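Report on one structure; see the data block that follows.
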Amino acid sequence: MRSMSLRWSTSLIPLFAVAASIGAQQPQPTTPPPSAVSTSAGNIKIERLATLEYPWGMAVLPGGRLLLTEKPGRLRIWENGRLSEPVSGVPSVVYRRAGEQGGLLDVEADPNFATNRFVYLSYSEADPQGAKAAETNEMRFGGPRDQTDSIVRGAAVARGRLEGNELRDVQVIWRQAPKTVGRGHFGVRIIFGPDGKLYLTSGDRQRFDPAADLKSNLGKVVRINPDGSAPTDNPFAGADTARADIWSYGHRNMLSAAFDPSGRLWVLEMGALGGDELNLIQRGKNYGWPYVSDGDNYAGPPIPDHATRREITAPVRSWTPVIAPSGALFYSGAMFPAWRGSLLVGGLVTQSLIRLQLDGERRVGVEERVFMGRRIRDVAQAPDGALFVIVDAQSGDLLRLSR
């Protein structure tokens with residue numbers, strides 16, 4: 001287990017395993033973050049801007065306003081040093097207790113926000129028909145599940161126009177299928193590609209096999225048009241044996257997605273007992289879950305490694321012990337020139353901001369961990385090149401990192 005010391009430090013890490021603790025919810029430090037930290041980009045100033053309840057996602061609007069989600073179901077705007085009251089018009093979410101994986105999740109602004117005002121939200125919703133079901137134990141988790149949770153639910157993505165402090169004309173444009181009772185692994189990171197399409201990371205809902213089932217969009221990277229329709233050039237468009245919204249499959253729990261300057265999509269996903277992954281996402285490819293992994297089930301049986309199935313796309317990098325990645329971007333700002341072009345990733349278990357300097361398509365050349373002493377849920381880039389970071393906690397800080 002990694003020490004919970006509040007000492008701030010950074011390290012440049014070669015490509016062998018690095019000690020880290022397991023991916024469970026961890027107690028949060030009660031001391032405030034320090035005012036600065038030393039990194040390969042020089043000394044970085046840390047400023048606390050606001051505190052939110054389990055913040056999950058961020059989106060920077062034109063002009064520098066920042067949209068932030070809170071898992072209990074609130075969308076807020078940070079502007080001119082102030083946090084707004086909750087935005088009205090946000091869809092109802094399923095969120096039963098503090099720290100669970102569902103609720104209001106990611107937020108993304110349309111590339112043409114200045115003219116169309118569209119904002120996209122991902123969240124966990126109850127089955128519209130009000131269906132209830134009994135939970136079943138899954139022995140691969142190594143323990144009993146919550147048998148009291150009978151709400152059938154799944155992730156959804158909705159789009160609305162942001163006018164002042166209100167979302168108007170909100171419509172659901174995509175849903176996970178099938179919905180299922182309980183459990184986590186919803187995803188859903190939302191990101192626009194350079195092709196103008198909307199890419200979603202849809203988790204396996206801790207149900208294992210649907211990730212490989214092309215009739216389900218669980219455990220998939222999904223590609224849709226901004227109105228929710230499936231593009232005709234998706235790999236399984238027009239096929240009776242697969243869903244038209246699927247872009248890639250065989251994924252577990254993906255909470256990080258970013259396009260690099262060349263337009264390639266990189267996704268990080270959480271493994272089980274070990275085996276967190278960095279994947280270069282390619283059209284129609286199978287990434288192996290639950291049949292191969294560089295980790296193992298919590299209570300057995302062991303999972304074959306990727307190397308045993310050459311027809312399955314292997315990760316570019318895997319981590320055991322895990323890092324629990326959440327949130328990512330390729331840095332393009334001027335404030336930290338030494339980091340330009342690097343992939344910056346939030347680390348929940350490592351309590352770090354992780355910098356990955358890629359060497360082509362199949363290798364990470366440098367890994368740097370900026371130890372924050374906090375579970376980092378998401379990272380965003382401000383117009384001036386500063387970084388916004390949110391902390392996964394019941395009283396989770398919004399931090400600004402600058403020179």
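The values are calculated or read from the model by the stated rules, or taken from the named source; none is laboratory data. Computed from a predicted structure; not experimentally measured. Here Cβ is always computed from backbone atoms with ideal geometry, including for glycine, and neighbour counts include all displayed protein chains. Accessible surface is based on the protein model in full, side chains and every heavy atom, while ligands, DNA and RNA are left aside. Shrake-Rupley method; radii C 1.70, N 1.55, O 1.52, S 1.80 Å.
The table for this structure:
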quantity	calculated
Filter pass, Ala109 being out of contact with any helix residue (DSSP H, G or I) (no Cβ under 6 Å at 6 or more places or on another chain), within 30 Å of Ala258 (Cα to Cα), small (Gly, Ala, Ser) and open to solvent by less than 40 Å² (accessible area, probe 1.4 Å)	yes
Residue in the range 57-75 that is at pLDDT below 95 and open to solvent by less than 40 Å² (accessible area, probe 1.4 Å) present	yes
Members of the range 212-228 found to be hydrophobic (A, V, I, L, M, F, W, C) and within 14 Å of Ala155 (Cβ to Cβ), listed by number	Leu218, Val221, Val222, Ile224
Residue selected from the range 254-302 under the condition of a type in the set (Ser, Thr, Tyr), open to solvent by less than 30 Å² (accessible area, probe 1.4 Å) and farther than 20 Å from Leu329 by Cα, by the criterion nearest to the chain's Cα centre (by Cα)	Tyr287
Pairs with Cβ under 7 Å, 6+ apart, first in the range 276-291 and on the phi > 0 side of the Ramachandran plot, second assigned to a strand (DSSP E or B)	Gly284/Ser248
Top-ranked residue of the range 204-229 - restricted to ones that are of a type in the set (Gly, Ala, Ser) and within 19 Å of the chain's Cα centre (by Cα), ranked as surrounded by the most Cβ atoms within 10 Å (Cβ to Cβ)	Gly219
Qualifying residue in the range 46-59 (condition: under 21 Å from the mean Cα position of the chain (by Cα) and without any contact (Cβ under 8 Å) to a residue 40 or more places away in the chain)	no
Those residues of the range 156-180 which are more than 17 Å from the chain's Cα centre (by Cα), under 19 Å from Ser92 (Cβ atoms) and part of a loop (DSSP other than H, G, I, E, B), in sequence order	Asn165, Lys179
Tally, over the range 362-377, of residues that are part of a strand (DSSP E or B) and surrounded by 19 or more Cβ atoms within 10 Å (Cβ to Cβ)	7
Members of the range 303-358 that are of a type outside the set (Val, Ile, Thr), open to solvent by 30 Å² or more (accessible area, probe 1.4 Å) and within 21 Å of Arg252 (Cα to Cα)	Pro304, Asp305, Ala307, Arg309, Arg310, Glu311, Ala314, Ser318, Pro321
Filter result for the condition that a residue is of a type in the set (D, E, K, R), assigned to a loop (DSSP other than H, G, I, E, B), under 24 Å from the mean Cα position of the chain (by Cα) and closer than 30 Å to Leu214 by Cβ, over Arg140, Arg97, Arg183, Arg153	Arg183
Test: Asp127 is in contact with a helix residue (DSSP H, G or I) (Cβ under 7 Å, 6 or more places away or on another chain) and in contact (Cβ under 8 Å) with a residue 40 or more places away in the chain	no
Matching strands (runs of 3 or more DSSP E) fully within the range 29-92 where at least 1 residues are basic (Lys, Arg) and touching a Leu at 6+ places or on another chain (Cβ under 9 Å)	42-52, 74-79
From the options Asp169, Asp127, residue that is modelled with pLDDT of 85 or more and open to solvent by less than 40 Å² (accessible area, probe 1.4 Å)	Asp127
Tabulated pairs, the range 163-186, first on the phi < 0 side of the Ramachandran plot and of a type in the set (D, E, K, R), second crowded, with 16+ Cβ neighbours inside 10 Å and assigned to a loop (DSSP other than H, G, I, E, B), C-beta under 7 angstrom, 6+ apart or interchain	Glu163/Arg117; Glu166/Val87; Glu166/Gly89; Arg168/Gly89; Lys179/Asp127
Filtered residues of the range 82-114 (kept if on the phi > 0 side of the Ramachandran plot and at pLDDT 95 or above)	Gly89, Gly103
Any strands (runs of 3 or more DSSP E) falling wholly within the range 243-361 and containing at least 3 residues that are under 27 Å from Val60 (Cβ atoms)	253-259, 265-270, 276-281, 325-330, 343-347, 352-358
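For every residue, the table says whether it meets (1) under 23 Å from Gly346 (Cβ atoms); (2) of a type in the set (A, V, I, L, M, F, W, C); (3) in contact with a Lys or Arg (Cβ under 8 Å, 6 or more places away or on another chain).
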residue: Ser40; (1), (2), (3): yes, no, yes
residue: Ile46; (1), (2), (3): yes, yes, yes
residue: Leu49; (1), (2), (3): yes, yes, yes
residue: Gly64; (1), (2), (3): yes, no, no
residue: Glu70; (1), (2), (3): yes, no, yes
residue: Ile77; (1), (2), (3): yes, yes, yes
residue: Gly89; (1), (2), (3): no, no, yes
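So that you can scan it fast, the table gives a plain yes or no per residue for (1) in contact with a Leu (Cβ under 9 Å, 6 or more places away or on another chain); (2) within 24 Å of Gly346 (Cβ to Cβ); (3) not acidic (Asp, Glu):
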| site | (1), (2), (3) |
| --- | --- |
| Gly271 | no, yes, yes |
| Gly275 | no, yes, yes |
| Leu278 | yes, yes, yes |
| Val292 | no, no, yes |
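Table: residues versus (1) of a type in the set (Phe, Trp, Tyr); (2) more than 13 Å from Trp266 (Cα to Cα); (3) touching a residue at least 24 places away in the same chain (Cβ under 8 Å).
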{"site": "Val322", "(1), (2), (3)": "no, yes, yes"}
{"site": "Arg340", "(1), (2), (3)": "no, yes, no"}
{"site": "Val345", "(1), (2), (3)": "no, no, yes"}
{"site": "Gln351", "(1), (2), (3)": "no, yes, yes"}
{"site": "Ile354", "(1), (2), (3)": "no, yes, yes"}
{"site": "Arg363", "(1), (2), (3)": "no, no, yes"}
{"site": "Arg369", "(1), (2), (3)": "no, yes, yes"}
{"site": "Arg374", "(1), (2), (3)": "no, yes, yes"}
